[in-house]
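**Q** Encoded as structure tokens, here's the structure I'll be asking about.
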Ligand SMILES: *Cc1c(COP(=O)(O)O)cnc(C)c1O
């Protein structure tokens, strides 16, 4: 592909305004003037429009095609939420807006959104209260683990260990380590679920808490969850729910009802706000009543007269986790989404997310290895393995790259780490049966080619301007067309 500079034709112009008949008043000092004209590309307006529209079409996004990235929940982002997010009454607010005489009247609407979002998320997850400050799921984890640390410090507990199952997202051990804890890994049992006996063996007075992903990264829920939280509570440990993938639970079950003490949820996954390329996101954290004093400041409160204010007087708070109130626009879009779907929409979201994942699994499981021994249906995502294809040299990476030639974004691959040649598919609830069928047809076709002509899958994709890149180099040398 040519750059816009390479497309330049000397002398080509777009609009030609007539010569100005307004007399020039002030002139720039000669030492500020260019010696030579700027080396800008010379093109017509149509050339420029086509160039950039063409570039935008090389990008892949939820708005252009099916994006079954397991664990990341790339679902439809309703455009109405964008309209509300762009409303000048919200978009033009500044967090330091002067308070008018008589109160924070200028930002009452924004405070109401933060307050109501706290109430809605608390109701959905069974928690006592939320902070909206964390800027991503991983940031929410760090917030939650710092709250766990503050709780133990307050009680005079000297606990240094956080338990995490081997199937967890890598951010879990990273967050616990940054908060100063030692991480101990608990193995999964044969069925892909946390091994309760191994957990019991690891529980002692040094255990500050357990971080558990719900549903786990194999898309499974733990049938002994209440027993697990009771066991951890018995050593005065707290139980953290990684609720980044709440899509499977919405409106059906609540972490707070089965003994979780802290939960983070990803608005940019479950609550349909856009994400990708590193942000912006939001990972609000909810806690049970006894942990409320440790939440970050400030906290939005409601007065008797129905107005809102920011409360800072929380001596046990872990402090600020982000400037001001978090990614306000993301929270606002998620709030809009929640009002759109309503309480009756929540179980439909989770129902269809689970149905779609099971449909994909049912169509693909005779063509790919299903590595999960558990008999339960999968939840919001299904995990397959390319071990069968790998025998003829076709790896999960080859399958992922080939899917691009069929017009699909790749699923998540090589995660969770507990599954060899892992392919993790999350269709989400917003895809139609026609789309799921087209994707499954492509996956089945690729499995056939892997049997008949495995070599041909090593240099895919062929339909893109560049094919297989050295991914480390590509991140450092952005001119990927040059190598
Ligand atoms: C996405 C995800 C995270 C991290 O969320 P980010 O917003 O990417 O920081 C943590 N745990 C699980 C299970 C996830 O899927």
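**Q** Mind checking which pairs have a first residue in the range 419-446 that is under 18 Å from residue 248 (Cβ atoms) and a second that is in a strand (DSSP E or B) and modelled with pLDDT of 95 or more, Cβ under 6 Å, 6 or more apart or different chains?
**A** 424/383; 424/412; 425/382
**Q** A further question on this structure: Yes or no: residue 454 surrounded by fewer than 19 Cβ atoms within 10 Å (Cβ to Cβ) and either closer than 25 Å to residue 373 by Cβ or modelled with pLDDT of 95 or more (or both)?
**A** Yes: the conditions hold for residue 454.
**Q** Can I ask one more? I'd like to verify a number: residues in the range 277-308 that are within 16 Å of the ligand (Cβ to nearest atom) and over 18 Å from residue 128 (Cα atoms), how many?
**A** Qualifying residue count, the range 277-308: 6.
Conditions tested, residue by residue: (1) part of a helix (DSSP H, G or I); (2) modelled with pLDDT under 95; (3) not assigned by TED's automatic domain parsing to the domain that holds residue 419.
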site: 347; (1), (2), (3): yes, no, no
site: 351; (1), (2), (3): yes, no, no
site: 354; (1), (2), (3): yes, no, no
site: 359; (1), (2), (3): yes, no, no
site: 363; (1), (2), (3): yes, no, no
site: 374; (1), (2), (3): no, yes, no
site: 384; (1), (2), (3): no, no, no
site: 388; (1), (2), (3): yes, no, no
site: 392; (1), (2), (3): no, no, no
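**Q** Of 106, 132, which residue is within 16 Å of the ligand (Cβ to nearest atom) and either out of contact with any helix residue (DSSP H, G or I) (no Cβ under 7 Å at 6 or more places or on another chain) or closer than 28 Å to residue 317 by Cβ (or both)?
**A** 132
**Q** Could you count how many residues in the range 397-422 are over 18 Å from the mean Cα position of the chain (by Cα) and either part of a strand (DSSP E or B) or outside the structural domain of residue 364 (by TED's automatic domain parsing) (or both)?
**A** So the count comes out to 1.
Table: residues versus (1) closer than 30 Å to residue 190 by Cβ; (2) in a helix (DSSP H, G or I); (3) under 24 Å from the mean Cα position of the chain (by Cα).
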site: 430; (1), (2), (3): no, no, yes
site: 439; (1), (2), (3): yes, yes, yes
site: 451; (1), (2), (3): yes, yes, no
site: 462; (1), (2), (3): no, no, no
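**Q** Can you tell me which residues in the range 141-162 are within 16 Å of the ligand (Cβ to nearest atom) and either in a strand (DSSP E or B) or outside the structural domain of residue 243 (by TED's automatic domain parsing) (or both)?
**A** Within the range 141-162, 162 is the sole residue that qualifies.
**Q** A further question follows. Among the residues of the range 297-338, how many are farther than 24 Å from residue 148 by Cα and surrounded by fewer than 13 Cβ atoms within 10 Å (Cβ to Cβ)?
**A** So the count comes out to 4.
**Q** Tell me the strands (runs of 3 or more DSSP E) entirely within the range 164-276 that contain at least 1 residues that are away from the ligand (no atom under 16 Å from the Cβ) and not assigned by TED's automatic domain parsing to the domain that holds residue 429.
**A** Passing ranges, in order: 182-186, 207-213, 238-243.
**Q** Then there's this: Name the residues in the range 406-428 that are out of contact with any helix residue (DSSP H, G or I) (no Cβ under 9 Å at 6 or more places or on another chain) and surrounded by fewer than 21 Cβ atoms within 10 Å (Cβ to Cβ), would you?
**A** Within the range 406-428, 415, 417, 418 meet the criteria.
**Q** Quick check on this structure: which one of 221, 217, 213, 270 is surrounded by fewer than 21 Cβ atoms within 10 Å (Cβ to Cβ), under 25 Å from the mean Cα position of the chain (by Cα), touching a residue at least 40 places away in the same chain (Cβ under 8 Å) and closer than 22 Å to residue 171 by Cα?
**A** 221
The values are calculated or read from the model by the stated rules, or taken from the named source; none is laboratory data. Since we're looking at a predicted model, the values are computed, not measured. Using ideal geometry, Cβ is built from the backbone for each residue, glycine included, and neighbour counts are taken over all protein chains shown.
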